[in-house]
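So the structure is just underneath, and the comments pick up after that.
The numbers here are math on the coordinates, done by the rules we state, and not lab data. Computed from a prediction, not measured in an experiment: that's the story for all the values here. Every residue, glycine among them, receives a Cβ derived from its backbone with ideal geometry; neighbour counts consider all protein chains shown.
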Amino acid sequence: MKIVAADVQKRFVLSGKQRISSDGTETAELQVLKDFNLQVNAGEFLVIVGPSGCGKSVFLNILGGLAHKTDGSVTIDGNEVTEPNEQLGYVFQQYALFPWRTALSNIEYPLEIRGVNAAERQKKARDLLRLIGLTSFEKWRPNQLSGGMQQRIAIARALAINPEVLLMDEPFAALDNQTRELLQVELLRIWEGIHNTVVFVTHSIEEAVFLADRVVIMTSRPGKVKEIVSINIPRPRNDYTRSSTKFAGYRQRVWDILKDEVYKTQDNMEKSALSSQL
């Protein structure tokens, strides 16, 4: 098993006089993850969905070594995750490109800090530009590129180190629907060529079903795994996949599992808002 999360807990201690209502009582701690258990196979494309605030991104940050769990265990290849790992690539919702660097030198950056010589890292970056279809834009800076192009560059930069695990935190959320669907197809094309392990977080059920081998549905906060749905839709997937009855069936199944958790989240938010006004 490539990734194992066992009984993961994550609590945040609130500062000052901040308090939050939990089960009718006021507490100075916010529990985001509780008894979170998950196993991810090597080479799998796993997608996590859940209501807002359930801890999807928090778990991804723990897996990436960017945040520390309160309790439990998270391992990759049997090794406990305690800090960022050079075998992990991370793509954020914001493109996080260096504005003063060109498309080519942005992709080169992770190789540069690893001491790879200029000729080798430029060759690797140009190969990735070709892979994402942006060869003609190697000298362009981020502010000269569209949002979709910038996110392609961010993905290519994450792939530059040949990561065994690629973590993606809502990477297409800020894009328009047309660009988003095009990049979903592009991402699968790239992944099917390298078959690394991907853990992808999204709010979109359609995106989850289109991309995933399995979809993990989380509960409302404190988040844990409610159910996992295997997506038995043939690969490679394309634009026609979305119009199939099988796709529609999986989309409805995921929503049927998720919707109660979304309603719980909304109800809790309304109760918190009402309590703050009293």
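Looking at the stretch 185-239, which GluC sites (Glu not before Pro) are DSSP coil and have at most 10 other C-beta atoms within 10 Å of their C-beta? When the GluC sites (Glu not before Pro) of the stretch 185-239 are filtered for loop state and at most 10 Cβ neighbours within 10 Å, nothing remains. Remark on I48: its backbone amide H falls under 5 Å from those of F200, V201, T202, V216, a criterion applied only to residues 5 or more positions apart or on other chains, H modelled at 1.01 Å from N. Its relative contact order, with pairs defined as Cα atoms under 8 Å and 6+ residues apart, puts the chain at 24 percent. Which one, T219, Y263, L182, projects farthest toward the positive side of the charge dipole computed for the chain from Cβ point charges (K/R +1, D/E -1)? Farthest along the dipole direction, towards plus: L182. In sequence order, the stretch 53-70 has phi-based couplings of x, 7, x, 4, 5, 4, 4, 4, 5, 5, 4, x, x, 8, 9, 9, 6, 7 Hz under the Karplus curve 6.51 cos²θ - 1.76 cosθ + 1.60, θ = phi - 60°, and Gly or Pro positions carry x.
Take the alpha carbon gyration tensor of the stretch 137-192, find the square roots of its eigenvalues, order them as a ≥ b ≥ c, and report rounded if a/c is under 1.5; if not, report prolate when a/b exceeds b/c, else oblate.
Oblate.
Of the chymotrypsin sites (Phe, Trp or Tyr not before Pro) found in the stretch 67-123, those that fall in a DSSP loop while having at most 12 other beta-carbon atoms within 10 Å are W100. For R11, the residues whose modelled amide H falls within less than 5 Å of its own, excluding neighbours fewer than 5 places apart on the same chain, are V32, T70. For the stretch 97-162, the Cβ-based charge dipole about the Cα centre amounts to some 40 debye (Lys, Arg positive; Asp, Glu negative; other atoms uncharged). Please list, in order, the residues from the stretch 35-62 whose amide nitrogen is less than 15 Å from a point placed 7 Å along the Cα→Cβ vector of E29. Taking a point 7 Å out along Cα→Cβ of E29, the residues of the stretch 35-62 whose backbone N falls under 15 Å are 35-36.
Go ahead and run the numbers for FRET between E120 and D267, Cβ-Cβ distance against an R0 of 45 Å, rounding to 0.05.
Values: r = 55 Å, r/R0 = 1.23.
Once rounded, the FRET efficiency stands at 0.25.
Just report the Cα centroid separation between the stretch 153-199 and the stretch 61-95, whole Å. Cα centroid of the stretch 153-199 versus Cα centroid of the stretch 61-95: 18 Å apart. What percent do you get for the relative contact order of the stretch 72-171 when only Cα pairs under 8 Å and 6+ apart count? The normalised contact order for the stretch 72-171 reaches 46 percent.
Once fully extended, how much extra length lies between R189 and L66, figured as 0.36 nm per residue of separation less the alpha-carbon to alpha-carbon distance?
Going from the current span to full extension adds 41.5 nm.
Between N37 and W100, the contour length at 0.36 nm per residue exceeds the Cα-Cα span by 18.5 nm.
Farthest toward the positive end of the dipole of the chain, out of T241, L167, T70, is the Cα of T241, where the dipole comes from beta carbon charges about the Cα centre. Against the chain, whose longest principal axis comes from its Cα atoms, helix 177-194 is set at around 70 degrees. Think of each Lys and Arg Cβ as +1 and each Asp and Glu Cβ as -1; about the Cα centre, that makes the dipole of the stretch 123-278 roughly 440 debye. Residues whose amide H falls under 5 Å from that of G89, counting only those 5 or more places apart or on a different chain, are V165, L166, L167, with hydrogens built in the peptide plane. 3J(HN,Hα) couplings calculated from phi for the stretch 260-267 with the Karplus curve 6.51 cos²θ - 1.76 cosθ + 1.60 (θ = phi - 60°) are, in sequence order, 4, 6, 5, 4, 4, 4, 5, 5 Hz; Gly and Pro show x.
FRET efficiency for the pair E83 and Q252, taken as 1/(1 + (r/R0)^6) with r the Cβ-Cβ distance and R0 = 41 Å, rounds to 0.50. The 3J(HN,Hα) values that the Karplus relation (6.51, -1.76, 1.60; θ = phi - 60°) gives for the stretch 102-116 are, in residue order, 6, 4, 4, 6, 5, 5, 5, 3, x, 6, 4, 6, 8, x, 5 Hz. Gly and Pro appear as x.
At an R0 of 25 angstrom, the distance between the Cβ atoms of D7 and I113 translates into a FRET efficiency of 0.10. Charging the Cβ of each Asp and Glu at -1 and of each Lys and Arg at +1, and nothing else, the dipole of the chain about its Cα centre rounds to 520 debye.
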